[in-house]
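S.K.: One structure coming up, written as structure tokens, with questions to follow.
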Amino acid sequence: MTRHFGVLIPSTNTTVEMECRLLPATYQAHVGRLKSSGGSFSPSRDEDIDYQSRLLGTARVEMVILAQTSASLFAEDYDDVVTKRMSAGAGVVAITSAQAVGRAVRALGARRVAIVSPYSEEVNQRAARYFKAKHGLDTVALEGFGATDAYAIGKLGPQNARDAFARIDRPEIEVFVVPGGNFPTMSSVTSWEREFGKPVVTTGFLNSRSQAATEAIVGKLPPGTTKTSISGRSIRANASRAFCGPSFPIAYASVAPNPSRAIVSSPCFVLK
């Protein structure tokens, strides 16, 4: 059975579609592009979100994702407002990437995080406040690469993140958080987790490698769910269908006490 999902991305994003191509044929992404309402990292225009969500609804997608983490940092109620708009347009469940990151960390049972992002210091501070207020996460370290726009983010490489981890790593950090939908990191997460011995929560593409480790955390999965269809307990309750795939900013987590032994890295969301 082919599963169809919608992804809304900024018009300047050059990474999400590339990563979605790595999905199995049974998972099909349908992408809508959004114009910024202001400068770099500003939320997208409401009219674009409404229009693109309606178009995705005509494709009968089963969910819609907003892959624009920075947008959630500009207003206290942005996640609630924008997901309602998306759901109203498409007629299906919707979620933002910032919500997904927070839920993924909480699914790990963690609270102390380090944020390593392509953003400026100002945007990183907003991210720290957001994750504290919305998800109860304490940011114990922050590092950004000072990118001024999406084009600069797309030119960054995984080594930027790895070097930042090495600079800021300390025992009290439980999880590394790497936001930024246009930051290509998909090929490096597993090696980062092995090197630093900590989970990494990111919007990039990852592979699920341990069904047993996942079930130990989230419990019994719905019938027909494969090892690449995993989510955190907080969004799994009463689930009947599961989505998973690259560039889902949806609850990716390395759900294992020791990432070097059993890594579950699956960006997924389960529909109720």
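The values are calculated or read from the model by the stated rules, or taken from the named source; none is laboratory data. It should be emphasised that the depicted structure is a prediction, and the values quoted were computed from it without experimental measurement. Note that each Cβ is placed from the backbone with ideal geometry, even for glycine, and that neighbours are counted across all protein chains shown.
S.K.: Among the residues of the stretch 158-196, how many are touching a Ser or Thr at 6+ places or on another chain (Cβ under 9 Å) and exposed (fewer than 14 other Cβ atoms within 10 Å of the Cβ)?
M.R.: So the count comes out to 2.
S.K.: Could I ask something else about it? Just give me the residues in the stretch 102-117 being in contact (Cβ under 8 Å) with a residue 40 or more places away in the chain and outside any loop (DSSP other than H, G, I, E, B), in sequence order.
M.R.: Residues satisfying the conditions are ARG103, ALA104, VAL105, ARG106, ALA107, ARG112, VAL113, ALA114, ILE115, VAL116, SER117.
S.K.: Under 9 Å by Cβ, and 6 or more places apart or on different chains, what pairs join a residue from the stretch 15-38 that is in a strand (DSSP E or B) with one that is among the β-branched types (Val, Ile, Thr) and surrounded by fewer than 19 Cβ atoms within 10 Å (Cβ to Cβ)?
M.R.: Close Cβ pairs satisfying both conditions: TYR27/THR2; GLN28/THR2; ARG33/THR12; SER36/THR12.
S.K.: Now a separate question. Give the stretch 129-140 a look and list any residue that's in contact with a strand residue (DSSP E or B) (Cβ under 7 Å, 6 or more places away or on another chain) and either among the hydrophobic types (A, V, I, L, M, F, W, C) or in a loop (DSSP other than H, G, I, E, B) (or both), or say none.
M.R.: Passing the criteria: PHE131, LEU137, VAL140.
S.K.: Let me ask you something else. Conditions first: (1) among the hydroxyl-bearing types (Ser, Thr, Tyr); (2) crowded, with 19+ Cβ neighbours inside 10 Å; (3) within 20 Å of LEU56 (Cβ to Cβ). SER117 passes all but one, so which condition is the exception?
M.R.: Single failed check for SER117: (3).
A quick yes/no check of all residues on (1) among the hydroxyl-bearing types (Ser, Thr, Tyr); (2) out of contact with any helix residue (DSSP H, G or I) (no Cβ under 8 Å at 6 or more places or on another chain); (3) in a helix (DSSP H, G or I); (4) in contact (Cβ under 8 Å) with a residue 12 or more places away in the chain:
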position: VAL81; (1), (2), (3), (4): no, yes, yes, no
position: ALA88; (1), (2), (3), (4): no, no, yes, yes
position: ILE95; (1), (2), (3), (4): no, no, no, yes
position: ALA100; (1), (2), (3), (4): no, yes, yes, yes
position: TYR119; (1), (2), (3), (4): yes, no, no, yes
position: ALA127; (1), (2), (3), (4): no, no, yes, yes
position: LEU142; (1), (2), (3), (4): no, no, no, yes
position: ALA147; (1), (2), (3), (4): no, no, no, yes
position: ALA161; (1), (2), (3), (4): no, no, yes, yes
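S.K.: Working carefully through the options ALA237, ALA216, ALA166, find the one that is among the hydrophobic types (A, V, I, L, M, F, W, C), farther than 24 Å from VAL31 by Cα, modelled with pLDDT of 85 or more and over 18 Å from the mean Cα position of the chain (by Cα).
M.R.: ALA166
S.K.: Now, a different point. Is there a residue being within 21 Å of MET186 (Cα to Cα) and surrounded by 14 or more Cβ atoms within 10 Å (Cβ to Cβ) anywhere in the stretch 36-57?
M.R.: Scanning the stretch 36-57 turns up no residue that is within 21 Å of MET186 (Cα to Cα) and surrounded by 14 or more Cβ atoms within 10 Å (Cβ to Cβ).
S.K.: Then there is this: Evaluate the following for ALA152: is it part of a helix (DSSP H, G or I) and in contact with a strand residue (DSSP E or B) (Cβ under 8 Å, 6 or more places away or on another chain)?
M.R.: Here the answer is no, as ALA152 does not meet what is asked.
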